[in-house]
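This report refers to the structure that appears directly beneath it.
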Amino acid sequence: MIAARNLHKAFGSVVAADSVSFSAPDGAVTGLLGPNGAGKTTSLRMIYGLLKPAGGQVEIDGLDIAANPLAAQSRIGVLPDISGLYARLTAREHIRYFGELHGLSRAEIDRRTAEWIGILDLSGIIDRRVAGFSHGERTKVAIARALIHNPQNILLDEPTNGLDVMSTRAVREIIRHLRSQGRCVVFSSHVMQEVSALCDRIVVMGHGRVVAEGTAEELLAQTGMASLEDAFVSLVGPQGEAE
Amino acid sequence: MNKVFVVARKEWVDGFRDRRALYTLFFSTLFGPLIVGFMFSQFARQNKAAQEIQVPVVGREHAPILMNWLIQQSGVEIIPGPEDPEAAVRDRKSDFVLIVDKEFAAKFRESRPAPVQVVSDSTSQSTRSKVQRLNSLLNAFSAETGGLRLVSRGVSPQIVSALKVEQLEVATAQQRAAMIFNFIPMFLVIALFTAGMPIASDSTAGERERGSLEPLLLNPIPRSLLVAGKWLAAGGAALLGMLLTMSIMLTVLSRLALEELGVRNNIGTPQVLLLLAAVAPLGLLSPAVQMFVACFARSFKESQSYLGLLMIAPTLPGILAIFYPMTNRPWLHPIPVLGQYAMVTEILGGKFPGPASFIGALVVAVILTAVLLSLATRLFSSEKIIFGR
């Protein structure tokens, strides 16, 4: 369960997030939809505690992330916008490193790594150094590494960006799998079809603000449009058309 | 606290899989000992060369008595001189040439100064000691013969010596060799800096460049422990590099025939331990400085150019220390880098800095390291550093 309240952030004179408020319940997938530069990444970064909001509050399962950063961070798993890997470490070593940083025992890490090898089909690459990995393989390693501690809340910043069809399908499968386990999943995207196919709830962002929030049907009703794409354009304005 | 070691181990494994970093470590540790070994062997060769000289003589038939005397001196060999002595010396074909004048025999018989010429080139460093030896041999022959002539006339040869000059060399054999020993502290300090550098920059600027800093900071570990782990890995590599350099250096020194140079190699276990104690504080500090500086770089390459510039800080005083040894100035000891040079020079010279020097150096290094690490921790929390790529 994630709650963002009145988040505000400016970089110089550019307001990146202006009173961003939304909540993401457990057992559901919440999509942050908006064109590039709408404030999705900035909002996510404030939620996972690496950007300090100029105003507002973030609660992870009721924990204020500014007051209890470490406790809150152990309850979230994040796939950031750019999730760099260490070229000289193997896939397994990446997963183990983050597991150890979360304070998991070696046996626990081994057990969960074996699980992720099954879910993400990593068996062929698990003990190879990531140096020659494809983009899809890198994303899989980054996901396993980010979720090794079984977090209740999962934040994914444009997880399917640049992935081929098979890898995109795999990521969508994981998102559905996590929802079925009752987790709270938030992911951002600028791809309409992806959001409408996956999300239980949609938060539409534009110009650093939340312009609408609800299920796909609610958004259609609110805008009086027949398709989600038309609804999106009418909500975000001309900036959205450029996408 | 365990997480510090988790971070350190990861950086260590990652760092030691980097071939380029390993080559750097390998060559930088070999570099110093090889140079010191080369300098000592050159020194030894010159010393030996000055003792054994071949004297090219033009007109040896004019002065059989001088030739016989020279041959009887140890290590002297007479060889035929070149056609054109001056050209031969100028072109460095001969180190020097002794020319015996045609009138030598006649003047010698008449007890008048018999002319000889020594052709030499004073700009040639390597031949200077040989020319000196020849000159002192000629002077000795002159004094000996002159003395005999006085005796034959019933005069004591002592009469012509108004002065009795004795050369008392105050520089002990150790101090002469210390000139070369003075290079050793610089190479130990350079080894510390170069060996710690790859991990110090890869774990800071490298994380920023790869975009791996953001996911790393999402783990529930305080930034200070993260920085401490990275520092521990870089410091471990720095100390390893320094230990390698020191052990190779000691091996090289023990293989050299230092005694032939009149130098006693008095580096035993206690000296090695003192050397470690003197240099180790800098091993804490140098990776902290390097990490702090590298945090400002957006890429590994950028950080390498900053850290390359930073290398001037230890090397410049190191070069100065070769020519102006910083001994007998205990107030230098707590100052990082300068203190290391001063203490190592003293230990190699057979003196021992007091315990206060070691404690002072350690305390200063620990305080500066703590300050730099807390500044680096701040940088790791800075939004500009985390996201500014």
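The values are calculated or read from the model by the stated rules, or taken from the named source; none is laboratory data. This is a predicted model, so every value here is computed, not measured. Every residue, glycine as well, gets a Cβ built from its backbone with ideal geometry; the counts of neighbours run over all protein chains shown. Side chains are part of the model used for accessible areas, which takes the heavy atoms of the whole protein and leaves out ligands, DNA and RNA. Shrake-Rupley method; radii C 1.70, N 1.55, O 1.52, S 1.80 Å.
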Given B:Lys230/B:Lys301; A:Lys140/B:Lys230; A:Lys40/B:Lys384; A:Lys52/B:Lys10, which pairs have Cα atoms separated by over 24 Å? A:Lys140/B:Lys230; A:Lys52/B:Lys10
Accessible area per residue, Å², the range B:52-155 with all protein chains present, probe 1.4 Å: 61 Å²
Along the positive direction of the dipole of chain B (beta-carbon charges: Lys, Arg +1; Asp, Glu -1; about the Cα centre), which of B:Ile386, B:Leu338, B:Ser120 reaches farthest? B:Ile386
Anyone know which of B:Ile190, B:Ile35, B:Ile65 comes out most mobile in the 10 Å Cα GNM of chain B? B:Ile65
Give me the distance in nm between label points sitting 7 Å out from Cα along the Cα-to-Cβ direction at B:Tyr324 and B:Val155, one decimal. 5.2 nm
Arrange the peptides B:136-143, A:189-196 so that the one whose residues have, on average, the most other Cβ atoms within 10 Å appears first. A:189-196, B:136-143
In the range B:200-241, the residues losing 50 Å² or more of accessible area (1.4 Å probe, heavy atoms of protein chains only) relative to their chain alone are B:Arg210, B:Glu214, B:Pro215, B:Leu218, B:Asn219, B:Pro220
Of the residues A:Gln152, A:Ala131, A:Ile109, the Cα lying farthest along the dipole of the range A:89-152 towards its positive end, which is defined by charges on the beta carbon of Lys, Arg, Asp and Glu, belongs to A:Ala131
In Å², nearest 100, what accessible area do chains B and A bury in total when the solvent probe is 1.4 Å? 2800 Å²
Size of the dipole of the protein assembly as shown about the Cα centre, Lys and Arg at +1 and Asp and Glu at -1 on the beta carbon, nothing else charged, in debye to 20? 1720 debye
The simple spin-label model distance between A:Ser13 and B:Ser247, using points 7 Å out along Cα→Cβ, in nm, is 6.3 nm
How big is the C-alpha Rg of the range A:106-243 next to the rule-of-thumb value 2.2 N^0.38 Å, as a ratio? 1.22
Mind checking the full-extension length gain between B:Ser381 and B:Asn139? Use 0.36 nm per residue of separation minus the Cα-Cα distance, one decimal, nm. 79.3 nm
For A:82-94, what's the mean count of beta carbons from other chains sitting within 10 Å of each residue's beta carbon? 5
Can you list residues whose amide H is under 5 Å from A:Val210's amide H, if they're 5+ apart or on another chain and H is modeled 1.01 Å from N? A:Ser21
For the range B:81-88, what does the Karplus curve 6.51 cos²θ - 1.76 cosθ + 1.60, with θ = phi - 60°, yield as ³J(HN,Hα) per residue in whole Hz, taken in order and with x for Gly and Pro? x, x, 4, 10, x, 5, 5, 4
With Cα springs under 10 Å, the Gaussian network model of chain A assigns the largest mean-square fluctuation among A:Ser180, A:Ser13, A:Ser134 to A:Ser13
Amide H partners (placed H, <5 Å) of A:Ala16, local residues excluded: A:Lys9, A:Ala10, A:Phe11
What's the FRET efficiency of A:Arg128 with B:Phe26 using the Cβ-Cβ distance as r and R₀ = 35 Å, to the nearest 0.05? 0.85
What is the calculated FRET efficiency for B:Lys351 to B:Ala44, with r their C-beta to C-beta distance and R₀ = 25 Å, to the nearest 0.05? 0.50
Name the residues of the range A:116-152 whose accessible area, probed at 1.4 Å, falls by at least 10 Å² once all protein chains are in place instead of their chain on its own? A:Arg129, A:Arg145
Among B:Gly147, B:Leu310, B:Leu244, whose Cα projects farthest towards the positive end of the dipole of the protein assembly as shown, with charges put on the beta-carbon of Lys, Arg (+1) and Asp, Glu (-1)? B:Gly147
Summed residue charge, Cβ within 11 Å of B:Asp84's Cβ, Lys/Arg positive, Asp/Glu negative: -1
I'd like the carbon and sulfur percentage of the solvent accessible area for the range B:52-155, probe radius 1.4 Å, heavy atoms only, ligands and nucleic acids excluded. 49 percent
Say R0 is 45 Å: what FRET efficiency, to the nearest 0.05, do B:Arg17 and A:Arg169 get from their beta-carbon distance? 0.85
Expressed as a whole number of Å, what is the distance separating the alpha-carbon centroids of the range B:84-120 and the range A:8-27? 97 Å
Treat the range B:334-389 as a sphere of radius equal to its Kirkwood radius over Cα pairs and apply Stokes-Einstein at 25 °C in a medium of 0.890 mPa s; give the translational diffusion coefficient in µm²/s, rounded to a whole number. 182 µm²/s
Which cross-chain or sequence-distant (5 or more) residues have an amide H under 5 Å from the amide H of B:Ile78, H modelled 1.01 Å from N in plane? B:Val55
Considering all projection directions equally, how large on average is the shadow of the alpha-carbon convex hull of the range B:52-155, in square nanometres? 6.8 nm²
Which angle between 0 and 90 degrees, to the nearest 10, do you get for helix A:91-101 versus the longest principal axis of chain A when only C-alpha atoms count? 80 degrees
Using a 10 angstrom cutoff on alpha carbons, build the Gaussian network for chain A and name the most mobile of A:Gly39, A:Gly206, A:Gly124. A:Gly124
Taking Rh as the Kirkwood radius computed over alpha-carbon pairs of the protein assembly as shown and applying Stokes-Einstein at 37 °C with viscosity 0.692 mPa s, one gets a diffusion coefficient in µm² s⁻¹ of 107 µm²/s
Between the Cα axis of helix A:135-146 and the main Cα principal axis of chain A, the angle (0 to 90°, nearest 10) is 80 degrees
Contour excess over end-to-end distance, with Cα ends at B:Lys107 and B:Ile312 and 0.36 nm allotted per residue: 67.4 nm
